[in-house]
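What follows is a set of notes on a single structure, which appears directly below.
Every read-out reported here was derived from the displayed coordinates using simple, explicitly stated rules and does not represent laboratory data. Just so it is clear, the structure is predicted and the values come from calculations on it, not from any experiment. Positions of Cβ are generated from backbone atoms using ideal geometry, with glycine treated the same way; all protein chains shown enter the neighbour counts.
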Amino acid sequence: MTSETITAAAAGTFKLGDLPVNRIGFGAMRLTQNGAAFGNGAPSDRDRAIQVLRDAVELGVNHIDTAAFYFSPLRSANELINRALAPYPDGLVITTKVGPGRDPWGEWLWASPEQLRGQVEENLRQLGRDHLDVVNLRIPQSLASGSIAEHFGALADLRDSGLIRHLGISNVTPGHLAEAQTIAPVVCVQNPYGVGARIEDHEFLRACGEQGVAFVPFYAIAGAGRDAGASATDSDEVLAVARAHGASAAQVRLAWALQRGPHVLVIPGTGNPGHLVDNVAAGALRLSDADIASLQTLRQDSE
C-alpha cells in the first residue's frame with residue numbers, strides 16, 4: 001500500500017474523556033535507545049528522535065504515550081518530547097503512566113500511593129506542563145489479583161486538585177476497571193493486545209467499548225515479542241494478508257487492532273522515520289472479512 005500522503009486522520013477519531021484524538025497515535029518507549037526497550041542498546045540519536053516526534057505531529061498524530069520511566073543512558077522520552085514539541089500545539093494529547101519507577105541506575109521500583117504525587121510532578125517537570133492530559137496507573141504483576149483502590153484513589157485526588165485532567169489504567173483486569181470506576185471515571189484501558197490475543201482479552205476489549213472506555217493496546221506490532229519488539233519473521237497467516245494488500249506485517253497487525261472496535265487507539269512506537277510513515281499509513285488499511293477470519297485462527301502461544 002502507498003503511504004506517501006496518508007495521515008493519522010485516516011484511522012478516524014475517538015475521545016479520551018473530552019479530548020478527541022486520531023486513533024493512530026505514537027508510543028515514545030522506543031525513542032530512547034537502539035534495540036529492545038529497557039535493554040542494553042546504545043543511546044538513540046537525539047536529533048533523529050526529535051525529528052521523528054516532529055514528523056509524527058506533521059502526519060496528524062495528536063496522541064503521544066510516554067512515561068518518566070522511559071529512559072536510557074543519556075536519553076529521556078519526556079525530555080525528547082519537550083524539546084521536540086514545546087510549546088505544544090493545540091489539540092495534542094500527551095498520556096503518561098505512573099506506578100512503576102526506575103532509580104538513576106535503572107533499577108525498578110513500585111510506588112506507594114503516597115509516592116504517586118511525586119511521580120506525577122516529575123512528569124510535569126520533564127514535559128514542561130502545568131497539568132497532565134491523561135495519567136494511567138500501571139499495575140505491576142504483584143497486584144494482578146489485588147485491589148488498586150488506594151493507588152487509584154490517590155490519583156483521583158490529584159485529578160480533583162487540577163494536576164491531572166483524566167485517568168486511565170494499564171496492565172489490568174476487568175475487576176480492576178470495575179473497582180476504579182467506583183472511585184473516578186476511567187477514560188482508557190491500556191493493555192497488551194494484538195493478533196493472537198486470548199478470548200478473555202477480546203471480551204475485555206468489547207466490554208470497554210460498551211462502557212465508552214478507550215482501549216489502547218500495546219505490543220500490537222510486537223505481539224509475543226513484547227519489550228524485545230517484533231521479530232524479523234511473522235506467521236504465514238499475517239504474511240499472506242500483507243502480500244494481498246501490498247502492506248507490511250506491522251501494518252496488518254495495526255489495521256487488525258484498529259478494526260476490533262471504534263474505541264481502539266493504537267500507539268506504535270519507533271525511532272525510524274520510515275517506519276513512522278508506514279505505521280501512520282496503516283490507519284487507511286482495511287482488512288476484509290476473510291483476512292480477519294484468517295488472523296483469528298492465531299493464538300499468541302503459537303506465534
message = To check you understand DSSP bridge types, tell me what percent of the beta bridges within the range 59-218 (both residues inside) are antiparallel, rounded to 5.
response = 20 percent
request  = Determine the dipole magnitude for the range 1-156: charges of +1 sit on the beta-carbon of Lys and Arg, -1 on that of Asp and Glu, nothing else is charged, the reference point is the Cα centre, and the result goes in debye to the nearest 20.
outcome  = 200 debye
request  = Would you mind computing, in nm to one decimal, how far apart the modelled labels at L109 and A178 are, each placed 7 Å from Cα along Cα→Cβ?
outcome  = 3.5 nm
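Starting with the highest mean, order 114-127, 66-79 by the number of other Cβ atoms within 10 Å, averaged over the residues of each peptide. Please list the in-between numbers first.
Details: 114-127: 17.6, 66-79: 21.4.
Those peptides, ordered most packed to least, come out 66-79, 114-127.
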ask   = For the peptides 179-187, 91-99, 128-136, what is the packing order when you average, over each peptide's residues, the other Cβ atoms within 10 Å and list the highest mean first?
value = 91-99, 128-136, 179-187
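How big is the dipole moment of the chain about its Cα centre under a simple scheme where the beta carbon of each Lys and Arg is +1, that of each Asp and Glu is -1, and everything else is neutral? Debye, nearest 20, please. Walk me through the intermediate numbers first.
On the way: 24 positive and 33 negative charges, 64 e Å.
Dipole magnitude for the chain comes out near 300 debye.
Add -39500 (n - 2.57) for each DSSP H run of 4 or more in the chain, then divide by its residues: what number comes out at 222 nm, to the nearest 500 deg cm²/dmol? It would help to have the intermediate numbers written out before the result.
Values: 10 runs with 102 residues, N = 303.
So the helix-based figure for the chain works out to -10000 deg cm²/dmol.
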